[in-house]
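First the structure, in the form of structure tokens, and then the observations on it.
The values are calculated or read from the model by the stated rules, or taken from the named source; none is laboratory data. Everything numeric here is computed off the predicted structure, so don't read it as measured data. Note that we place each Cβ from the backbone using ideal geometry, even for glycine, and neighbour counts take in every protein chain shown.
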Amino acid sequence: MNKIRILNRTGMYNYLEWDYNPENNTTATKRAYAKLASEKITDAKVWEVAPEVFWYSTPEKKVNCLLY
């Protein structure tokens, strides 16, 4: 796990432990696949998850980034 600093919506920084690996961060991975399903993207693989965005690939495009 990495300790990261995030600027929240009130303008204050929060420190939190975060694991970017989708296998170790199941909550963020579920959110990522739910967002992909809402965008009608079914053949994607999530590579990395962050607090606000995630990275995925499809057979047509190598690397994509999407907000939750």
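Listing for the model above:
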quantity: Identity of the residue in region 13-45, in contact with a Ser or Thr (Cβ under 6 Å, 6 or more places away or on another chain) and not small (Gly, Ala, Ser), that ends up farthest from Met1 (Cα to Cα); calculated: Asp43
quantity: Close pairs from region 52-65: first within 29 Å of Leu7 (Cα to Cα) and part of a loop (DSSP other than H, G, I, E, B), partner modelled with pLDDT of 90 or more and of a type outside the set (D, E, K, R), Cβ under 6 Å, at least 6 apart; calculated: Val63/Ser57
quantity: Subset of region 41-61 that is acidic (Asp, Glu) and loosely packed, with under 15 Cβ neighbours inside 10 Å - its residue that is modelled with the highest pLDDT; calculated: Asp43
quantity: Flag for Leu16 being touching a Lys or Arg at 6+ places or on another chain (Cβ under 8 Å) and either hydrophobic (A, V, I, L, M, F, W, C) or assigned to a loop (DSSP other than H, G, I, E, B) (or both); calculated: yes
quantity: Selection from region 1-13 of residues that are of a type in the set (Val, Ile, Thr) and not in a strand (DSSP E or B); calculated: Thr10
quantity: Long-range neighbours under 6 Å by Cβ, at least six apart or interchain, first residue over 17 Å from Tyr20 (Cβ atoms) within region 30-43, second surrounded by 11 or more Cβ atoms within 10 Å (Cβ to Cβ) and among the β-branched types (Val, Ile, Thr); calculated: Asp43/Thr58
quantity: Members of region 42-51 found to be within 11 Å of the chain's Cα centre (by Cα) and either in a loop (DSSP other than H, G, I, E, B) or of a type in the set (Phe, Trp, Tyr) (or both), listed by number; calculated: Trp47, Ala50, Pro51
quantity: Residue tally, condition among the hydroxyl-bearing types (Ser, Thr, Tyr) and either touching an Asp or Glu at 6+ places or on another chain (Cβ under 9 Å) or on the phi > 0 side of the Ramachandran plot (or both), over region 2-26; calculated: 1
quantity: Positions within region 19-38 being of a type in the set (Phe, Trp, Tyr) and either in a helix (DSSP H, G or I) or farther than 13 Å from Val53 by Cα (or both), in sequence order; calculated: Tyr33
quantity: Matching residues, region 3-38, being surrounded by 10 or more Cβ atoms within 10 Å (Cβ to Cβ) and of a type in the set (A, V, I, L, M, F, W, C); calculated: Ile4, Ile6, Leu16, Trp18, Ala28, Ala32, Ala34, Leu36, Ala37
